[in-house]
Amino acid sequence: MTHVARGLDYVKPDIDALLARFNRDPHALVQILRELQAQQGWLPRDSLAEVATALGLSLAQVQGVASFYRFFHTQPVGAYRILFSDNVTDRMLGSEALLVDLCRRLGVAPGRVAADGVVSVERTSCTGLGDQGPALLVNHHHVLTQMDAPRIAFLATLVRQRVPVAQWPADWFAVQDQIRRADVLLAEPPLPGVALSAALARGVAAMLAEMQHSNLRGRGGAGFATGLKWSLCRQSAGSEHIVVCNADEGEPGTFKDRVLLTRYADTVVEGMTIAAHLIGARRGFIYLRGEYRYLLDALQLMLQRRRDAQLLGHAILGRPGFDFDIQIHVGAGAYVCGEESALIESLEGKRGTPRIRPPFPVQSGYLGYPTIVNNVETFCAAVHIALRGGAWWSAIGTPKSTGTKIHSVSGDCERPGLYEYPFGTRIGRILEDCGAHDTQAVQVGGPSGVCLSAFEFGRRIAFEDVPTAGAFMVFNRSRDMFEVARGFAHFFAHESCGFCTPCRVGTALVVKRMDKLAAGHGSRHDIDVLFELDKLLHATTHCGLGASACNPLRDTIAKFRPAYERHLKSLYFEPAFDLDAELSIARQMTGRDDPGAHLEKLT
Ligand SMILES: Cc1cc2nc3c(=O)[nH]c(=O)nc-3n(C[C@H](O)[C@H](O)[C@H](O)COP(=O)(O)O)c2cc1C
Ligand code: SF4
């Protein structure tokens, strides 16, 4: 049987064989849909119905999951699906003009499928390549970096000639690590197994004490004490305990985990294995964001190497103390799945809707088992603590922010890439090192972080001053900070999972107001409304996405108010549409165009 998608034939895959590979486990639904779509191009209703029946789920449940993730398609898409990374840094490098040019060459409108079904061109949230944009994803797992006008022209030709992506120029797919400043974590990686042996030799209680002594705080954003999290999980009753590595890295402008998973993947997994030993886990997951699917094969090979070296895997003879293996779960394009409880829902094969807490994952996480979720960088730090002790780690950085932090530096600077510094480093120092000139602002920690103006470049990176999950986007004085904030507002509205009304509606209202200002119809009243929306979202949303959605707005209004005021047409109320223009049809019908047939313009 074939599915005809606007002229393209997809051979229907052997769904039964696919389901058998996943033991017909409904918790594997997201992975099953990913593979089904990879074989079939999209997810037709009859395939979803077959999956639902085989897994004992309702069609509505399966459709609900399929419709949640942006990388799943329940309608036909182009045989070449081209997604432009749409972070502000990509735009600063000219991605919008490239998108328009490509659409023109291919005769397709942005967001639409070409009439012959060959190609679709769309925008997607930051793909984690901010240091080497403008970036593209083709068919979800081919990553193209540093696109420019000649490459786009050639790409259009290749698509028109239907050249398989595997035959496109190899240098388009090159992803550089760009490590500009290494300290502890970005230095030569430790040999596999050495830190694990050190942790095993110490014993569980002593190693947990080292973790607590290190004062390591999680690197994914919230900064929760890692040693405490692991101790709490160990103490939680459960027939199983689970370790999860959060490699969702969806915060625009962040790409450090991409490099850690490329060059330091053994260290990441060693950290997970140490954690498993400490909490008593036999199973672990790496939740890899869909945009990093291109790393999957190398990661699988690394896991197999570790199994062969008896550093991983079950029933390891002669190695008492741990018995642990890891599966990789590939996400499907949802920023909210970086939130740990949404991530666990997704691991369980569901929509990535954040859970009500308590209970916290350390009490009841994956399938109700006590679970730790930690960032990629946190696991790397644990390896170095196992090697050199908690006291050594806590001597680096500041008392409340120990150790080093990796920054993903992008935007207006000469040397974008990764920079690792001890906590306590000045913002200005990072700007000097990356070759930033005439800097107007830095967005630290991504859109949900903080926007700093030049007066604040003496402030320091630390949980007690400027906390960060790792993004460091630089804007020089030529940039319109209103437009930067508007881009972030669109990002949050796009990524809202829609579960709670304040976020679903609030983020859309923020976009509406910002677009109104951008169109020149704004007034002071609109800025006041934005402040009100900020308060509302902060106080009433269900998870951190909604709560931080107005952060960039609040910061930029407070620190770059002239950027907003330049867009104000009126000091008073201005409607979101041009009333006079709306009356033009009536004027045509009545044949009038005298002054009396026009509304008086507000000034
Ligand atoms: C909307 C949202 C997105 C998040 N995305 C990520 C992410 O991509 N990676 C990450 O490690 N933590 C992310 N977090 C934080 C996680 O919920 C969690 O705090 C973190 O994984 C814990 O690990 P850590 O203690 O090592 O930092 C996100 C939180 C929110 C609210
Ligand atoms: S705050 Fe937004 S992302 Fe979080 S649960 Fe509510 S709707 Fe979903």
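Points worth noting:
- Residue satisfying all of: in region 328-362; touching a helix residue (DSSP H, G or I) at 6+ places or on another chain (Cβ under 8 Å) and among the polar types (S, T, N, Q); nearest to ligand 2 (Cβ to nearest atom) among these: 353
- Only residues that are more than 30 Å from residue 403 (Cβ to Cβ) and either touching a Gly at 6+ places or on another chain (Cβ under 7 Å) or not hydrophobic (A, V, I, L, M, F, W, C) (or both) were counted in region 467-494, giving 10.
- Just one of the listed residues (290, 284, 313) is modelled with pLDDT of 95 or more and over 19 Å from residue 128 (Cβ atoms), and it is 284.
- Only one of the numbered conditions (1) free of Cβ contacts under 8 Å to residues at least 60 places away in the same chain; (2) away from ligand 1 (no atom under 16 Å from the Cβ); (3) of a type outside the set (Lys, Arg); (4) not in a loop (DSSP other than H, G, I, E, B) is violated by residue 424, and that is (4).
- Sole residue being farther than 30 Å from residue 47 by Cβ, of a type in the set (A, V, I, L, M, F, W, C) and buried (at least 19 other Cβ atoms within 10 Å of the Cβ), chosen from 106, 137, 99: 99
- Test set (1) more than 23 Å from residue 221 (Cα to Cα); (2) within 16 Å of ligand 2 (Cβ to nearest atom); (3) of a type in the set (Ser, Thr, Tyr) - residue 448 fails condition number: (1)
- Scanning region 465-518 for residues that are outside any helix (DSSP H, G or I), touching a helix residue (DSSP H, G or I) at 6+ places or on another chain (Cβ under 6 Å) and within 14 Å of ligand 2 (Cβ to nearest atom) gives 496, 497, 498.
- Residues that are more than 16 Å from ligand 1 (Cβ to nearest atom) and in a helix (DSSP H, G or I) within region 540-573 comprise 553, 554, 555, 556, 557, 558, 559, 561, 562, 563, 564, 565, listed in sequence order.
- Test result for residue 259, within 16 Å of the chain's Cα centre (by Cα) and of a type in the set (A, V, I, L, M): yes
- Boolean, residue 550 is closer than 25 Å to residue 127 by Cβ, within 9 Å of ligand 2 (Cβ to nearest atom) and surrounded by 16 or more Cβ atoms within 10 Å (Cβ to Cβ): no
- Some residue of region 468-491 being under 20 Å from residue 123 (Cα atoms) and within 14 Å of ligand 1 (Cβ to nearest atom): yes
- Residues located in region 232-273, provided they are closer than 17 Å to residue 402 by Cβ and free of Cβ contacts under 8 Å to residues at least 40 places away in the same chain: none
- Residue that is among the small types (Gly, Ala, Ser) and buried (at least 17 other Cβ atoms within 10 Å of the Cβ), where the choices are 454, 469: 469
- Just one of the listed residues (289, 258, 283, 293) is crowded, with 24+ Cβ neighbours inside 10 Å, charged (D, E, K, R) and closer than 23 Å to residue 349 by Cβ, namely 289.
- Some residue of region 203-212 being modelled with pLDDT of 95 or more and within 28 Å of the chain's Cα centre (by Cα): yes
- Residues of region 141-176 satisfying the condition of being under 24 Å from the mean Cα position of the chain (by Cα) and surrounded by 15 or more Cβ atoms within 10 Å (Cβ to Cβ): 141, 142, 143, 144, 145, 146, 147, 172, 173, 175
- Where helices (runs of 4 or more DSSP H) sit wholly within region 190-264, those with at least 2 residues that are within 12 Å of ligand 1 (Cβ to nearest atom) occupy 226-235, 256-263.
- Top-ranked residue in region 345-376 [being more than 10 Å from ligand 1 (Cβ to nearest atom), of a type in the set (A, V, I, L, M) and under 16 Å from residue 244 (Cβ atoms); ranked as surrounded by the most Cβ atoms within 10 Å (Cβ to Cβ)]: 347
- Against the conditions (1) within 17 Å of the chain's Cα centre (by Cα); (2) more than 20 Å from residue 492 (Cα to Cα); (3) among the aliphatic types (A, V, I, L, M), residue 471 satisfies every one except (2).
- Within region 221-256, the set of residues being within 16 Å of ligand 2 (Cβ to nearest atom) and among the charged types (D, E, K, R) comprises 248, 251.
- Among residues of region 158-172 being in contact (Cβ under 8 Å) with a residue 40 or more places away in the chain and outside any loop (DSSP other than H, G, I, E, B), the one that is nearest to residue 37 (Cα to Cα) is 165.
- Selected residue (only one of 194, 244 is surrounded by 14 or more Cβ atoms within 10 Å (Cβ to Cβ) and aliphatic (A, V, I, L, M)): 244
- Test: residue in region 76-83 that is within 17 Å of the chain's Cα centre (by Cα) and either more than 19 Å from residue 33 (Cα to Cα) or surrounded by fewer than 21 Cβ atoms within 10 Å (Cβ to Cβ) (or both): yes
The values are calculated or read from the model by the stated rules, or taken from the named source; none is laboratory data. Bear in mind that the values here come from a model prediction, so they are computed numbers and not experimental data. We place every Cβ from the backbone using ideal geometry, glycine too, and count neighbours over all the protein chains shown.
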